[in-house]
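Below is one structure, written out as structure tokens, with a few remarks after it.
The values are calculated or read from the model by the stated rules, or taken from the named source; none is laboratory data. Note that this is a predicted model, so its numbers are computed, not measured. Here Cβ is always computed from backbone atoms with ideal geometry, including for glycine, and neighbour counts include all displayed protein chains. Just so you know, the surface numbers come from the protein's heavy atoms only, side chains and all, with ligands and any DNA or RNA stripped out. Shrake-Rupley method; radii C 1.70, N 1.55, O 1.52, S 1.80 Å.
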Amino acid sequence: MGKVYVFDHPLIQHKLTFIRDKRTGTKEFRELVDEVGTLMAFEITRDLPLQEVNVQTPVSEANSKVLAGKKLGLIPILRAGLGMTDGILGLIPTAKVGHVGLYRDPETLQPVEYYVKLPSDIEERELIVIDPMLATGGSANVAIEALKKRGAKQIRLMCLIAAPEGVEAVKEEHPDVDIYLAALDEKLNEKGYIIPGLGDAGDRLYGTK
Ligand code: PRP
Ligand code: URA
């Protein structure tokens, strides 16, 4: 069964408070989401493999370590996933980026796929699916399915805020996928919004309504 990690780092929790606050405007919201993306990337890369190398310091030789060159792929779900992607790329700039375009039909809450463009070698890459919101879990499940259908084997899911319903839905449909969150909230409301959540992530990032 997939594991669920909630990053309780004080900087993440502090910034998340201002992301939730309805008084936070578009510019600041976007900056904060970007920053939390970087901080979450720091946590999620904790288990990247290292290899030993020798380097010459100004005074002697040192046995040291470098990343072992694991191939990573970032997969933002459009559009809100884009808001976290640059922040993550700041830490892992050599990751390839694929895009999955989905929107949630406001009546049925079912995700509708409109765009998929992926790195050609996704089957060799460890993929991180990125979306600030995991609400019913429909979008994440469809995105993960779209990746698996095209050969992906190693997938993780990174979200800012999840509802318990979304976490359960992903665990049930994709038990091989670990989930990384900044917060696990209380519930969904009747319109499928996370309570307390942050409202509509895409609208708050891009100033639409
Ligand atoms: C939001 C959010 C997720 C989805 C979560 O996207 O960014 O992708 O809803 O809801 P779910 O877990 O119930 O599927 P939205 O459909 O509003 O599209 P947008 O990012 O283009 O605004
Ligand atoms: N999508 C959002 O942007 N916010 C929610 O609370 C749920 C889905």
Scanning the stretch 186-202 for residues that are within 12 Å of ligand 1 (Cβ to nearest atom), part of a loop (DSSP other than H, G, I, E, B) and not aliphatic (A, V, I, L, M) gives Asn189, Lys191, Gly192, Tyr193, Gly197, Gly199, Asp200
When every residue in the stretch 167-187 that is open to solvent by 80 Å² or more (accessible area, probe 1.4 Å) and within 16 Å of ligand 2 (Cβ to nearest atom) is compared, the one nearest to Glu113 (Cα to Cα) is Glu168
When you check Leu127 against the structure, is it more than 14 Å from ligand 2 (Cβ to nearest atom) and at pLDDT 95 or above, yes or no? yes
Note on Thr26: of the conditions (1) more than 25 Å from Ser139 (Cα to Cα); (2) of a type in the set (Val, Ile, Thr); (3) surrounded by 13 or more Cβ atoms within 10 Å (Cβ to Cβ), unmet is (1)
Per the filter on the stretch 35-50, residues in contact (Cβ under 8 Å) with a residue 60 or more places away in the chain and charged (D, E, K, R) are Glu43
By residue number, the members of the stretch 126-146 that are crowded, with 24+ Cβ neighbours inside 10 Å and not in a helix (DSSP H, G or I) are Leu127, Ile128, Val129, Ile130, Asp131, Pro132, Met133, Leu134, Ala135, Gly137
Exactly one of Gln51, Gln56 is at pLDDT 95 or above, out of contact with any Lys or Arg (no Cβ under 9 Å at 6 or more places or on another chain), farther than 24 Å from Thr208 by Cα and open to solvent by 50 Å² or more (accessible area, probe 1.4 Å), and that one is Gln56
query: Could you say whether any residue in the stretch 51-70 is over 13 Å from the mean Cα position of the chain (by Cα), within 16 Å of ligand 1 (Cβ to nearest atom) and without any contact (Cβ under 8 Å) to a residue 12 or more places away in the chain?
result: no
Taking the stretch 74-107 and keeping residues in a strand (DSSP E or B), open to solvent by 40 Å² or more (accessible area, probe 1.4 Å) and free of Cβ contacts under 8 Å to residues at least 60 places away in the same chain leaves Lys96, Val97, His99, Tyr103
Residues in the stretch 1-19 that are in a helix (DSSP H, G or I) and without any contact (Cβ under 8 Å) to a residue 12 or more places away in the chain total 3
Within the stretch 32-54, the residues that are farther than 9 Å from Gly87 by Cα and touching a Ser or Thr at 6+ places or on another chain (Cβ under 9 Å) are Leu32, Glu52, Val53, Asn54
Note: among Met158, Met133, just one is near ligand 1 (Cβ under 8 Å from one of its atoms) and not β-branched (Val, Ile, Thr), namely Met133
When the stretch 149-166 is checked residue by residue, the ones that are buried (at least 22 other Cβ atoms within 10 Å of the Cβ) and either in a helix (DSSP H, G or I) or free of Cβ contacts under 8 Å to residues at least 24 places away in the same chain (or both) are Gly166
Of (1) within 16 Å of ligand 2 (Cβ to nearest atom); (2) among the hydroxyl-bearing types (Ser, Thr, Tyr); (3) part of a loop (DSSP other than H, G, I, E, B), Ser120 satisfies every one except (1)
